[in-house]
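Accompanying notes for the structure given below.
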Amino acid sequence: THWKHGGIVGVFGYGGGVIGRYCDQPQAFPGVAHFHTVRVNQPSAKYYSSEFLRQICDIWDMRGSGLTNMHGSTGDIVLLGTQATQLEEIFFELTHNYNTDLGGSGSNLRTHECCLGTASCEYACYTSPDVCYQLTLDYQDELHRPAFNS
């Protein structure tokens with residue numbers, strides 16, 4: 001194909017969360033010369049409000065291709081296709097306006113995910129969303145600022 005992996009394309013202070021995608025023939029395909037993928041960290045047990053999902057779609061309609069993948073291999077919402085010049089704007093809106101964060105990507109720690117726990121399982125021994133949330137807080141730096149080579 002004409003796609004090549006561009007490594008990790010980051011936003012200021014983050015080493016993970018954005019996957020760089022570039023076309024190897026940008027002159028022939030200028031509309032997709034950059035087609036970066038953004039991972040959005042999902043809430044514990046993936047409980048979403050319809051308002052949050054609308055906000056994510058609004059960001060992506062304005063700043064990206066509009067293509068999404070709900071819960072890719074990391075469990076994150078995966079937003080497919082944006083230009084490098086839009087990344088800081090997307091990141092600002094996610095973190096400042098919508099109180100969410102980028103997910104983990106690249107050769108560093110991936111985003112944590114969990115089952116619904118006691119919300120839907122009568123045999124659950126603990127509240128797994130609480131544990132997942134705490135693990136995310138504990139390992140947030142490893143998600144976004146990997147301490148080892150990627």
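The values are calculated or read from the model by the stated rules, or taken from the named source; none is laboratory data. Given the structure is predicted, the values throughout are model-derived calculations rather than measurements. With ideal geometry, Cβ positions are generated from the backbone for all residues, glycine too; neighbour counts draw on all protein chains shown. These area figures cover heavy atoms from the full protein model, side chains too; ligands, DNA and RNA do not enter into them. Shrake-Rupley method; radii C 1.70, N 1.55, O 1.52, S 1.80 Å.
Please verify whether Thr118 is polar (S, T, N, Q) and open to solvent by 20 Å² or more (accessible area, probe 1.4 Å), treating the condition exactly as stated.
For Thr118, the condition - polar (S, T, N, Q) and open to solvent by 20 Å² or more (accessible area, probe 1.4 Å) - is met.
Does Gly104 fit the bill of being in contact with a Ser or Thr (Cβ under 9 Å, 6 or more places away or on another chain), under 30 Å from Ala33 (Cα atoms) and open to solvent by less than 40 Å² (accessible area, probe 1.4 Å)?
Answer is yes for this residue.
Going through Val18, Val11 one at a time, which residue ends up being at negative phi, under 11 Å from the mean Cα position of the chain (by Cα) and modelled with pLDDT under 85?
Result: Val18 is the single residue among Val18, Val11 that is at negative phi, under 11 Å from the mean Cα position of the chain (by Cα) and modelled with pLDDT under 85.
Of all residues in region 61-101 being at pLDDT below 85 and at positive phi, which is surrounded by the most Cβ atoms within 10 Å (Cβ to Cβ)?
Checked region 61-101; the qualifying residue surrounded by the most Cβ atoms within 10 Å (Cβ to Cβ) is Gly75.
For Tyr123, all conditions in the list (1) part of a loop (DSSP other than H, G, I, E, B); (2) hydroxyl-bearing (Ser, Thr, Tyr); (3) touching a Leu at 6+ places or on another chain (Cβ under 8 Å) hold save one; what is the number of the exception?
Tyr123 satisfies every listed condition except (3).
Just to be sure before I move on: is Asp58 without any contact (Cβ under 8 Å) to a residue 12 or more places away in the chain, of a type outside the set (Ser, Thr, Tyr) and either open to solvent by 50 Å² or more (accessible area, probe 1.4 Å) or in contact with a Lys or Arg (Cβ under 6 Å, 6 or more places away or on another chain) (or both) in the structure I sent?
Taking the combined requirement at face value, the residue satisfies it.
When you check Gly81 against the structure, is it over 23 Å from Pro129 (Cβ atoms) and in contact with a Ser or Thr (Cβ under 6 Å, 6 or more places away or on another chain), yes or no?
Taking the combined requirement at face value, the residue satisfies it.
What pairs come out if I take residues in region 120-135 that are under 9 Å from Ala45 (Cβ atoms) and pair them with residues that are surrounded by 14 or more Cβ atoms within 10 Å (Cβ to Cβ) and of a type in the set (A, V, I, L, M) whose C-beta lies under 8 Å away, six or more apart or interchain?
The qualifying pairs are Ser128/Ala45; Ser128/Leu116; Pro129/Ala45; Pro129/Leu116; Cys132/Ala45.
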